[in-house]
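Undergrad: For reference, the structure I am asking about is given below.
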Amino acid sequence: MSARMEAPVSDVGTAPRPAPLRATTVAILAMGGEGGGVLADWIVDVAERDGYVAQTTSVPGVAQRTGATIYYVELFPEAPARAAGKEPVLALMPVPGEVDVVIASELMEAGRAVQRGLVTSDRTTLIASTHRVYSMTERTAVADGRVDAAALIAGAAAAARTFVQGDFARIAEEHGSVISASLFGALAATGALPFGRASCEDAIRRGGVGIDASLAAFAAGYAAAAHAGRATRDEPAATAPAATAPATIAPAPLPRVGPRLRSVAARVEQSFPPTSHPILLAGVARVADHQDERYAVQYLDRLERVREVDRQTGTGDFALLRETGRYLALWMAYEDASRVADLKIRSDRFARVRQESRVGDSQVLRISEFLHPGIEELTDILPASIGRPLRRTGWIRSAVDRLTRRGTIVTTTSVGGFLQLYAIAALRRWRRHSLRFADEQRQIDAWLALVTEVAGQDYPLALAVAECPRMVKGYGETHHRGRRHFEAVMRALPRLRARADAAACVRRLRDAALADESGDALAAALRELVA
Amino acid sequence: MAERSFAREVQQLRLGRGEVFRGEGILAVTKALLQSGVSYVAGYQGAPISHLMDVLSDANDILDELGVHFEHSASEATAAATLAASVNYPLRGAVTFKSTVGTNVASDALANLASGGVTGGALIIVGEDYGDGSSIMQERSHAFAMKSQMWLLDPRPNLPSVVRAVEEGFALSEATHTPVMLELRIRACHVHGRFVAKDNVRPTFTLKDAIEKPVRDVSRIVLPPASFLHEQEKIRTRWPAAQQFIREHRLNEVFAERARDFGIILQGGMYNTTVRSLELLGLADAFGSSAVPLYVLNVTYPLVEPEVTAFCAGKRGVLVIEEGQPDFIEQNLHAILRRAGLATTVHGKDVLPMAGEYTAAAVTSGVLAFVDRYAPELIDRAALPRVVRPPAPSTAAAAPGPAGLDAHVHARPPSFCTGCPERPIFTALKLVERELGPHHVSCDIGCHLFSILPPFNIGATTMGYGLGWAGAAALNTSATRKRTLSIMGDGGFWHNGLTSGVGNAVFNQSDNVLVVVDNSYTAATGGQDIPSSSAPNPRRTTKLPIADAVRGVGVKWVRTITRTYDIPRMRDVLREALTTPEKGPKVIVAQSECMLNKQRRVKPQLAQLTRAGRRVERERFGVDPDTCTGDHSCIRLSGCPSLTIRSSPDPLRLDPVATVIDSCVGCGLCGEVAQAAVLCPSFYRASVVSNPGAWERVLSRLRLAVIRVFQRRVDRRLAGVLG
């Protein structure tokens, strides 16, 4: 999890000069409320006890409200000051290139320290927690707006003289404490400051709040930083922690399927190429979970043609088959009310909620769902012969609207609430006759036909078309909007196909559709490409 | 009640002669006030001087012992007017606020105070919020000192210097009958340092003496003809007296005066940065022994001509290190040297930035350019500090240096805290805008101003504290039925918004809408009490409803929402206010306690109850990852720090799913939004009951037993497909 790297002091091409007595400098980059101030205070406390003049400053202000901020500490040995009969003059802000220790409470903050020039290879010990607190930009993206953690780690490793990394947030959490304690432990382990471990622990004790937990987190942080392997600055790749890499990159073990899917799974293994097995097995399980085994067979039937066309026109890695398999499974297992109810009532879901909510054995848990079924959702799961007239009847529509306007909160841990959801989940059996099922199958077939047809002519474009259902997500209005975007791109397709860069165009349209909620970016891209 | 207890800091205020005070700069100022025999202290909280107020409000015992009156002023104008007590009586008084915003508000009273002058020492402690991390317009307080002829102290940013500035500031004020401003930069306020304390002093002349033996002097009142005399007095009497006092008491400092035939003139507050720059350039040691003469202006207004000419005489050039603009000191130096017939060249903004914070990088490069011109031999080019070293071309391309990280490092501005009650107001407003289209929104000052940033992106202007509704005053016409919406916090409301905004809207027959965010504190400044605070406070009058005040000035249409997290209600009331045919100003009071303060209050209580074996129910929200499709609309309508993303556990899905992390305080917004905005069914609320009663436990077990029967049927089916 944690690694420590040391690089030789780089020769920056300057003549050596006698090292004058100077302050030791420490910058702590944190977000408001993370305890950066507590860490700075501990350092000051240790320093003052161990014969140092210490000064800390910060500019908390509104950054206290979750913003990024820097706490800055300077230390100066008291003995030479006393000998000189003078007080050292300590600075109130870090100077780029003149920082001995940088502590970043989060990975992007480590990147910020590097960006600000605070981390330099001749001097800086960088201690960074590799966990992520996602920025607003990352969190509000319609698709995946996360920045590349590996790039941040590589940048930090390249910039620092010594780089100590670890998930110090998790370490703190495991010991019921906060990150300032585990980072303090890591700092003590680096030996970058002239204080022993015992002195640091004494400072925590003097702090007087949550001492035992803090000491435990301190010890764990110390161990993580001290026992980690060493690598040189030239091999940053060796240290990228797997946990921060996107899950999709790691080769996942083949998904398990149950006994009733054995023949379907065997068919996957016998008649589909191995590179497609992880996705196809997951897909088979997903659609069978959603409906039944017959649905799984249908899933593979649909993919037969894609496999054939991929074999004929593809490059041999069956990317088209895989991506079509991915989005076909997700599309076939569309989220209607009975699917949602089905997922909410499962025992493993109850167990997950218990665990996420940290419910102890002696505690009682109540789970409440925030549902908002409207006329669409209700008629979706009814047989088409009932649903269609209901949907068209004005007074029924408005009556249902009135009843469902405020949404409903269902307590799944009550017998009544559970049975309500159980009954809705049971409608799965009639799903094949439902209004939405017919709709979805029609659209799925149209999309599949397009993918296979295009593949014969333009394989990359077919792959781009196969990935387009990524635009359709969510429920209610969000879902409708995604569907509209998807359809707009599909409508544009005939005019784009003539272009040599048609695949790039479709990807651009898809990215535009995922760039904002309003659809403005998509509209603009469509105007530009299709007009 | 402030958001944290300052009991520990209060003990520092009791230190006696010879004991060592260790702590923050602003607390050192507080201690210095008591050592100076102050009779009264007032102010308005705000970074970076909030702690002065917070510590004093926790220090009632000490204040009572010393006979010091302490007020949380209604505004900076109130605080400044409070100094009127020092006009006729030998009472030392201090007021404090954030600058320049607070000084702007206070300037009417300050100008009147400065005109008539003072008998007792009057100290105005202004905390500068300039540069990195600042939340206000970037201006200087210097101009206020100049325009009203108040003396401006800008001491070196170490505790002994700051404490001395307080003590000498009172003496200077009394010697010159002039209020004195003490300017402290944000880092100086928050710097941890030490100084040797003195005993606190109980004033000999008391407030009681003043009240019982009132004194008046018509020549001190700003009315003609006295006002004309005041102006003359400032120039003829007070100014020379100030210069004499500054010289005699050596308030300004000179270091290494004859070391070179050039030197640096700097604001006291820039001293540490300047010395560090000199140190990095090999021109000073760590103790500040400089190879370049330094003239440190601990008093930046007025300048003392004889000191200036003495320092500049025989010098070819001087560098002025003066942060911010306009370059008042530099211009003044030019005039002084010209008048004195000195040929010394003045440098300043020619080698230093005209605008912006004087970071160590900026100062180092300015000092380097200056010294390079006058004594290039002093600079060891081979040993330049990195911050002024030209970039090495060879390595720049190879490594993923700082520039390579730009795409991966996002700005991280402050935003609403986890569970903040202000967030749902803007969520509801977003939903209303989906129906009614965008509205002109006029913002105020306070936490709610975070609405202008993602994910809400709401708000067009902010004109100052309490001026939210005033900022929309012109946009009031019968030519349209569309209304404007203004936002105001409870802090701004009591500061002046009741008159400048609400009274103004009533009087001018506004047809527009105001939302007052009533969270029981001035939350943005650290959670201080105000008249509408919901908690009892033995020293202040609280629990005064904002709705009553609003009705009191004539608003007829008033709605109070007592739980902002109730999104449907919040949305419906906003819609009603924006669309009702009823004419006249409309005010919505949106109430819920500041979550930061609430958690600080409630968390320990709940923990204690749980330990004591009492039934305690805790709520948190969660997201089911298998129903979440990863479109993140919930986050775009919230932005709550505890509502974030994580990799989807589903191998088929590429986009991260939403997730609620442990910091969730169970405010309920996620669920409300998912319902009100018809987003998705993925949110659940987990209510966890600690120490449930016996009946509750049995009932829960029974329920689960029934549920298990059905769950086993589901499990059997799934075992067939999932294995």
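The values are calculated or read from the model by the stated rules, or taken from the named source; none is laboratory data. The shown structure was predicted, so the numbers you read here are calculated from the model rather than taken from an experiment. Don't worry about glycine lacking a Cβ; one is built from the backbone with ideal geometry, like all the others, and counts go over all protein chains shown.
Undergrad: Here's a check for you: in segment B:297-329, which residue that is under 28 Å from the mean Cα position of the chain (by Cα) and aliphatic (A, V, I, L, M) is farthest from B:A256 (Cα to Cα)?
TA: Looking at the filtered set, the residue picked out is B:I329.
Undergrad: Another question, then. Hey, which of the helices (runs of 4 or more DSSP H) in segment B:186-259, taking only ones fully inside, have at least 2 residues that are of a type in the set (A, V, I, L, M) and modelled with pLDDT of 95 or more?
TA: B:207-212, B:226-233, B:239-248
Undergrad: Quick one: which residue in A:V73, A:V102, A:V119 is more than 9 Å from chain B (Cβ to nearest Cβ), at pLDDT 95 or above and either crowded, with 24+ Cβ neighbours inside 10 Å or not in a loop (DSSP other than H, G, I, E, B) (or both)?
TA: That would be A:V102, the only listed residue that is more than 9 Å from chain B (Cβ to nearest Cβ), at pLDDT 95 or above and either crowded, with 24+ Cβ neighbours inside 10 Å or not in a loop (DSSP other than H, G, I, E, B) (or both).
Undergrad: While we're here: Can you find a residue in segment A:182-192 that is of a type outside the set (G, A, S) and more than 18 Å from A:A47 (Cα to Cα)? Step through it out loud before you land on a result.
TA: Restricting attention to segment A:182-192, the residues satisfying the condition of being of a type outside the set (G, A, S) are A:183-184, A:187, A:190.
When the remaining residues are screened for being more than 18 Å from A:A47 (Cα to Cα), the result is none.
No, segment A:182-192 contains no residue that is of a type outside the set (G, A, S) and more than 18 Å from A:A47 (Cα to Cα).
Undergrad: Moving to a separate point now. Scan segment B:61-79 and tell me whether some residue there is in the same structural domain as B:E174 (by TED's automatic domain parsing), out of contact with any strand residue (DSSP E or B) (no Cβ under 8 Å at 6 or more places or on another chain) and crowded, with 22+ Cβ neighbours inside 10 Å. If you could, list the steps in order and put the result at the bottom.
TA: Let us first name the residues in segment B:61-79 that are in the same structural domain as B:E174 (by TED's automatic domain parsing), namely B:61-79.
Pick out the ones that are also out of contact with any strand residue (DSSP E or B) (no Cβ under 8 Å at 6 or more places or on another chain) and you get B:61-62, B:64-67, B:74-75, B:77.
Next cut, crowded, with 22+ Cβ neighbours inside 10 Å only: none.
No, segment B:61-79 contains no residue that is in the same structural domain as B:E174 (by TED's automatic domain parsing), out of contact with any strand residue (DSSP E or B) (no Cβ under 8 Å at 6 or more places or on another chain) and crowded, with 22+ Cβ neighbours inside 10 Å.
Undergrad: Just checking, does segment B:712-722 include any residue being of a type in the set (D, E) and farther than 30 Å from A:T137 by Cα?
TA: The answer is yes, given that some residue of segment B:712-722 is of a type in the set (D, E) and farther than 30 Å from A:T137 by Cα.
Undergrad: Inside segment B:241-287, can you point out the residues that are within 11 Å of chain A (Cβ to nearest Cβ), surrounded by 18 or more Cβ atoms within 10 Å (Cβ to Cβ) and in contact (Cβ under 8 Å) with a residue 40 or more places away in the chain?
TA: Of everything in segment B:241-287, those that are within 11 Å of chain A (Cβ to nearest Cβ), surrounded by 18 or more Cβ atoms within 10 Å (Cβ to Cβ) and in contact (Cβ under 8 Å) with a residue 40 or more places away in the chain turn out to be B:F255, B:G269, B:M270, B:Y271, B:N272, B:T273, B:T274, B:R276, B:S277, B:L278, B:L280.
Undergrad: Does B:V432 satisfy the criteria of being under 24 Å from B:L679 (Cα atoms) and either more than 19 Å from the chain's Cα centre (by Cα) or of a type in the set (S, T, Y) (or both)?
TA: Numbers: under 24 Å from B:L679 (Cα atoms): yes; either more than 19 Å from the chain's Cα centre (by Cα) or of a type in the set (S, T, Y) (or both): yes.
For B:V432, the condition - under 24 Å from B:L679 (Cα atoms) and either more than 19 Å from the chain's Cα centre (by Cα) or of a type in the set (S, T, Y) (or both) - is met.
Undergrad: Determine the pairs where a residue that is outside the structural domain of B:S173 (by TED's automatic domain parsing), located within segment B:302-321, has a partner that is part of a strand (DSSP E or B) and of a type in the set (S, T, Y) with Cβ atoms under 7 Å apart, the partner being 6 or more residues away or on another chain.
TA: Hits for this filter: B:F311/B:Y295; B:R316/B:T345; B:G317/B:T345.
Undergrad: Could you list, in sequence order, the residues of segment B:319-328 that are within 29 Å of A:P88 (Cβ to Cβ), touching a helix residue (DSSP H, G or I) at 6+ places or on another chain (Cβ under 6 Å) and not charged (D, E, K, R)?
TA: Hits for segment B:319-328 are B:L319, B:V320, B:I321.
Undergrad: Then there's this: Any idea which residue in segment A:490-524 is farthest from A:A455 (Cα to Cα), counting only those that are part of a helix (DSSP H, G or I) and of a type in the set (D, E, K, R)? Reasoning before the result, please.
TA: Initial filter on segment A:490-524 (part of a helix (DSSP H, G or I)): A:490-496, A:502-513, A:520-524.
Filter again for of a type in the set (D, E, K, R), leaving A:491, A:495, A:507-508, A:510-511, A:520.
On the way: A:R491: 17, A:R495: 16, A:R507: 16, A:R508: 19, A:R510: 18, A:D511: 21, A:D520: 30 Å.
Among residues in segment A:490-524 that are part of a helix (DSSP H, G or I) and of a type in the set (D, E, K, R), the one farthest from A:A455 (Cα to Cα) is A:D520.
Undergrad: I would also like to ask the following. If I filter segment B:573-598 down to residues being outside any strand (DSSP E or B) and of a type in the set (K, R), which single residue comes out as farthest from B:V506 (Cα to Cα)?
TA: B:K598
Undergrad: Here is a check on your reading of the model: is B:V29 of a type outside the set (F, W, Y) and outside any helix (DSSP H, G or I)? Reasoning before the result, please.
TA: Values: of a type outside the set (F, W, Y): yes; outside any helix (DSSP H, G or I): no.
When the stated conditions are applied, B:V29 does not pass them.
Undergrad: Give the residue that is surrounded by the most Cβ atoms within 10 Å (Cβ to Cβ), with candidates limited to residues of segment B:310-369 that are part of a loop (DSSP other than H, G, I, E, B) and touching a Phe, Trp or Tyr at 6+ places or on another chain (Cβ under 6 Å).
TA: For segment B:310-369, the residue satisfying everything is B:E323.
Undergrad: Of everything in segment A:78-99, what is among the basic types (K, R) and facing chain B (nearest Cβ under 7 Å)? Give them in sequence order.
TA: A:K86
Undergrad: Next question, about the same structure. Of the numbered conditions (1) loosely packed, with under 14 Cβ neighbours inside 10 Å; (2) in contact with a helix residue (DSSP H, G or I) (Cβ under 9 Å, 6 or more places away or on another chain); (3) not in a helix (DSSP H, G or I), A:D445 satisfies every one except a single condition; which is it?
TA: So A:D445 meets the others, but not (3).
Undergrad: Okay, moving on. Considering segment B:702-716 alone, what residues qualify as being of a type outside the set (K, R), farther than 15 Å from A:K344 by Cα and either within 8 Å of chain A (Cβ to nearest Cβ) or crowded, with 16+ Cβ neighbours inside 10 Å (or both)? Before the answer, list the steps.
TA: To start, the set of residues in segment B:702-716 that are of a type outside the set (K, R) comprises B:702, B:704-707, B:709-711, B:714-715.
Then drop every residue that is not farther than 15 Å from A:K344 by Cα, which leaves B:702, B:705-706, B:709.
Passing the criteria: only B:V706.
Undergrad: So which residues in segment B:675-701 are more than 21 Å from A:Q355 (Cβ to Cβ), facing chain A (nearest Cβ under 7 Å) and buried (at least 18 other Cβ atoms within 10 Å of the Cβ)?
TA: Residues satisfying the conditions are B:Q675, B:V678, B:L679, B:C680.
Undergrad: What number goes with the only condition from (1) more than 33 Å from the chain's Cα centre (by Cα); (2) within 30 Å of A:R352 (Cβ to Cβ) that A:G387 does not pass?
TA: (2)
Undergrad: Go through the residues of segment B:145-157 one by one and say whether even a single one is surrounded by 19 or more Cβ atoms within 10 Å (Cβ to Cβ) and modelled with pLDDT under 95.
TA: Looking for residues that are surrounded by 19 or more Cβ atoms within 10 Å (Cβ to Cβ) and modelled with pLDDT under 95, one finds none in segment B:145-157, hence no.
Undergrad: Please determine, by comparing only the residues of segment B:439-481 that are more than 24 Å from B:N508 (Cβ to Cβ) and without any contact (Cβ under 8 Å) to a residue 12 or more places away in the chain, which one is farthest from the other protein chains (Cβ to nearest Cβ).
TA: Here the answer is B:I452.
Undergrad: On to the next question. Tell me which residues, restricted to segment A:159-173, are part of a helix (DSSP H, G or I) and surrounded by fewer than 22 Cβ atoms within 10 Å (Cβ to Cβ).
TA: Initial filter on segment A:159-173 (part of a helix (DSSP H, G or I)): A:159, A:168-173.
Scanning segment A:159-173 gives A:A169, A:R170, A:E173.
Undergrad: Sticking with this structure for a sec: Scanning segment A:400-418 for residues that are at the interface with chain B (Cβ under 10 Å from one of its Cβ atoms) and over 34 Å from the mean Cα position of the chain (by Cα), which turns out surrounded by the most Cβ atoms within 10 Å (Cβ to Cβ)?
TA: My answer is A:V415.
Undergrad: Right, next: Within segment A:41-57, can you find the residues that are within 8 Å of chain B (Cβ to nearest Cβ) and crowded, with 24+ Cβ neighbours inside 10 Å? Even if it seems obvious, please write down each step before you answer.
TA: Let us first name the residues in segment A:41-57 that are within 8 Å of chain B (Cβ to nearest Cβ), namely A:41, A:44, A:48, A:54-57.
Those that are within 8 Å of chain B (Cβ to nearest Cβ) and crowded, with 24+ Cβ neighbours inside 10 Å: A:A54, A:Q55, A:T56, A:T57.
Undergrad: Just one of the numbered conditions (1) facing another protein chain (nearest Cβ under 7 Å); (2) touching a Cys at 6+ places or on another chain (Cβ under 7 Å) is not true of B:C634; which one?
TA: Against the list (1) facing another protein chain (nearest Cβ under 7 Å); (2) touching a Cys at 6+ places or on another chain (Cβ under 7 Å), B:C634 comes up short only on (1).
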